[in-house]
1. Identify, please: which residue in region 1-15 is assigned to a helix (DSSP H, G or I) and farther than 11 Å from Ala71 by Cα and is, among those, most open to solvent (accessible area, probe 1.4 Å)?
2. Identify the residue in region 128-165 that is open to solvent by 20 Å² or more (accessible area, probe 1.4 Å), under 18 Å from the mean Cα position of the chain (by Cα) and among the hydrophobic types (A, V, I, L, M, F, W, C) and, among all such residues, is farthest from Ala101 (Cα to Cα).
3. Quick check on region 167-174. Is at least one of its residues open to solvent by 40 Å² or more (accessible area, probe 1.4 Å), within 19 Å of the chain's Cα centre (by Cα) and free of Cβ contacts under 8 Å to residues at least 40 places away in the same chain?
4. Take region 15-42 and flag every residue that is more than 37 Å from the chain's Cα centre (by Cα) and of a type in the set (Asp, Glu).
5. Name every residue in region 106-127 that is surrounded by fewer than 19 Cβ atoms within 10 Å (Cβ to Cβ), touching a strand residue (DSSP E or B) at 6+ places or on another chain (Cβ under 9 Å) and touching a residue at least 60 places away in the same chain (Cβ under 8 Å), in order of residue number.
Amino acid sequence: MNNSENIGKLMHLELAKIESAESCSESEFVIAGAAEAILQSGNRNWIPIIVKETGDYQYEVVSNNFVYAVAKKAQLERAWCIVIDPKPSNIEQAKILAREANPTVNLSTASKDTIIAVLKYLVKEHNWNNVNPVETANKIVESNREQWSDFLPLTKLKCNLSKARLDCITKVFSISPPPPPPPPPEAVSVKRASRDEIFDRLNYLSTNKIGGFENIDAEKTADAIFNANKGKWKSLTPIAKLEPGLDTAKMKIIKTLFSL
């Protein structure tokens, strides 16, 4: 079972040794016409069936079920197949490439441009002419989507994504909140810390997108803090004057990682 020597090979397999757990939804007319095309082309399927090994000389279709159904309709003794490494990610890729499954995008972390592209696909595929992909993507990005556990918040964004449309949405989007950030570094004295120690703490906030610090240049801010004349500082308040954007909320976070 799972003979690694066969993985990736184009093989002419006995059709009787191949099974499929899925049925083909294509019309009988199309299947019959494709079967006739195979018979008229020397009984060869030029598009191979993608299979995985399930036992000694036993196989199961994982992709191109249409070609399998056509080969059976043509009553071929053997069909050309490619044996796939049966890892779930490989099987998913094969189904996506055969258009038997849609790729999915994590709505919790996707960029605005990616969300727009998926929404444009949905609008075209389902004739959602009252959905504006750009405006809807803006509302999604501006929301607290990282905390969503399902798609219901979409229906409250006033962008015509009703509950009736969630079935279509769940086929192309997934919800997977990002993992919590690692524990923060220990606080250090801003007067005694090295430039690298200052940068490490600012970079932690920026990399993990904590409190809006992803919009702060960690390198530039670390340089400004390290090079500042801190001898007369009696608090951390002067840090706010070193870099635009270090507002009150960010200074509260700064005080958790730095001391005098």
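The values are calculated or read from the model by the stated rules, or taken from the named source; none is laboratory data. Quick caveat, the model's predicted, so the values are computed rather than measured. Here the Cβ positions follow ideal geometry from the backbone for every residue, glycine too, while neighbour counts run over all protein chains shown. Accessible surface areas use protein heavy atoms only, side chains included; no ligands, DNA or RNA. Shrake-Rupley method; radii C 1.70, N 1.55, O 1.52, S 1.80 Å.
1. Start the filter on region 1-15 by keeping residues that are assigned to a helix (DSSP H, G or I), which leaves 4-6, 15.
Right, trim to farther than 11 Å from Ala71 by Cα and you get 4-6.
On the way: Ser4: 86, Glu5: 133, Asn6: 25 Å².
Here the answer is Glu5.
2. Val141
3. yes
4. Glu36
5. Passing the criteria: Asn106, Ser108.
The rows are residues; the columns are (1) surrounded by fewer than 20 Cβ atoms within 10 Å (Cβ to Cβ); (2) without any contact (Cβ under 8 Å) to a residue 60 or more places away in the chain; (3) touching a Pro at 6+ places or on another chain (Cβ under 8 Å).
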residue: Glu22; (1), (2), (3): yes, yes, no
residue: Glu26; (1), (2), (3): yes, yes, no
residue: Gln40; (1), (2), (3): yes, yes, no
residue: Gly55; (1), (2), (3): yes, yes, no
residue: Tyr59; (1), (2), (3): no, yes, no
residue: Tyr68; (1), (2), (3): no, yes, no
residue: Lys72; (1), (2), (3): yes, yes, no
residue: Arg78; (1), (2), (3): yes, no, no
residue: Ile82; (1), (2), (3): yes, no, yes
